[in-house]
Amino acid sequence: MTVQTQIIRDAQKLSEFAHQAQKSGKTIGLVPTMGYLHEGHLSLIRAARQKADVVIVSDFVNPTQFGPTEDYATYPRDEQADLEKCQSCGADVLFIPTVETLYPNGQDSTWVEVSKMGNILCGATRPGHFRGVATVVTKLLWLSRADYAFFGEKDYQQLTILRRMAQDLGCPTKIIGMPLVREADGLAMSSRNVRLTPDQRKQALSLSQGLKAARERFQNGARSVRELTQAAQDIIQAQKDTAIQYISIADPDSLDIFTDTVPEHAIMLLAVKVGAVRLIDNMRLD
């Protein structure tokens, strides 16, 4: 499906567009992204197209979710390619705001934080990251008046936090999680993959291979956190350019981390630096 996707850069204009759509009785689907769209993003846009009458894609590299030593400045960007992909998937609007548009008061802005969930896993090594995520998504939900918002399960902690945020704030938007999309060789799709060298790209396969090894042990009866995490760790650490930040097993709904025995329903989540590129991945063990 090919449509003429409209670019909107002004927050007030987006709000007015959404208001008119609502007045016409149309449902709105939002796909928040940081741009440099890949097939994982496009699967979300297609899902939104099937579910909602109007599809809004946001394209914003959010500075408040990056730490001072992280890759905000080098995060890949390609506005024209993003527009073409949005058109091919039937998005009605591509919202590309500036930092000043979404944060007119800078660091004096109002912030949204899901405290417990935001301070574990990725939050333990990226302080303030999920505060930035929750805040910008709240702004986007408010501006777009979305009935549905679509997020990929690759960022599983993010998805879980946003569901809790919407529930706690009484947000009417339904947060919809969509399956993680992988390359043919198993690497989880990520905009950061483009920054891997060819050799690092091969080493990055150890993330999904480690997860699969842990899942296989789990399905064969292993329930020890230590044994299951070691299975993934051994495969990842065998690569010369990998540095594990964490490998954890948690409850899929609450993200409570298991420290001894793993129950029947569990998810393994990990973050690994491959060279200078930080990658995340996850897999349900059950």
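Set the Förster radius R0 to 35 Å, insert the Cβ-Cβ distance between residue 111 and residue 237 as r into 1/(1 + (r/R0)^6), and round the FRET efficiency to 0.05.
Taking R0 as 35 Å, the efficiency between residue 111 and residue 237 is 0.45.
Per q in 0.18, 0.19 Å⁻¹, report the Debye log10 I(q)/I(0) for the stretch 169-286, using one uniform scatterer on each alpha carbon and no solvent.
Taken in order of the listed q values, log10 I(q)/I(0) reads -0.91, -0.99.
Of all DSSP beta bridges in the chain, what percent run antiparallel (nearest 5)?
Antiparallel bridges make up about 50 percent of those DSSP assigns within the chain.
³J(HN,Hα) across the stretch 55-62 via Karplus (A = 6.51, B = -1.76, C = 1.60, θ = phi - 60°), whole Hz, x for Gly/Pro?
10, 10, 10, 9, 10, 8, 7, 7
Figure the gain on full extension for residue 78 and residue 224 (residue separation times 0.36 nm, minus the Cα-Cα span) and round it to one decimal in nm.
Contour length minus the Cα-Cα distance gives 48.1 nm.
From the backbone phi of the stretch 110-126, what are the Karplus-calculated ³J(HN,Hα) couplings (6.51 cos²θ - 1.76 cosθ + 1.60, θ = phi - 60°) in whole Hz, Gly and Pro given as x?
Result, ordered by residue: 7, 10, 10, 9, 9, 4, 5, 4, x, 10, 10, 6, 4, x, 5, 9, 10 Hz.
So, counting K/R as plus one and D/E as minus one, what does the shell of residues with Cβ under 12 Å around residue 232 add up to?
Result for the local shell: 0.
Give the angle, between 0 and 90 degrees and rounded to the nearest 10, that separates the Cα long axis of helix 225-237 from the longest principal axis of the Cα atoms of the chain.
80 degrees
Compute the acute angle (0 to 90°) between the alpha-carbon long axis of helix 156-169 and the principal axis of greatest extent of the alpha-carbon atoms of the chain; round to the nearest 10°.
Tilt relative to the chain: about 50 degrees.
Quickly work out the residue 26-to-residue 212 label distance, labels modelled 7 Å from Cα along the C-beta direction, and quote it in nm with one decimal.
Those two pseudo-labels are separated by 4.3 nm.
Taking 0.36 nm per residue of sequence separation and subtracting the Cα-Cα distance, how much length would be gained by fully extending the chain between residue 53 and residue 19, in nm to one decimal?
Gain in length upon complete extension: 10.9 nm.
Considering amide H positions built from the backbone, and no H for Pro or chain starts, which residues 5 or more places from residue 174, or on another chain, come under 5 Å of its amide H?
Residues meeting the criterion, in which the H sits 1.01 Å from N, are 148, 149.
Please give the contour-minus-distance gain from residue 182 to residue 284: 0.36 nm per residue of separation, less the Cα-Cα distance, rounded to one decimal in nm.
Result for the pair: 35.3 nm of gain on full extension.
Collect residues whose amide H, placed 1.01 Å from N in the peptide plane, falls under 5 Å from the amide H of residue 55; neighbours closer than 5 in sequence don't count.
Close amide H contacts, sequence-distant or interchain: 29, 92, 93.
Values quoted throughout were computed directly from the atomic coordinates according to the rules given, and no laboratory measurement underlies them. Just so it is clear, the structure is predicted and the values come from calculations on it, not from any experiment. Note that we place each Cβ from the backbone using ideal geometry, even for glycine, and neighbour counts take in every protein chain shown.
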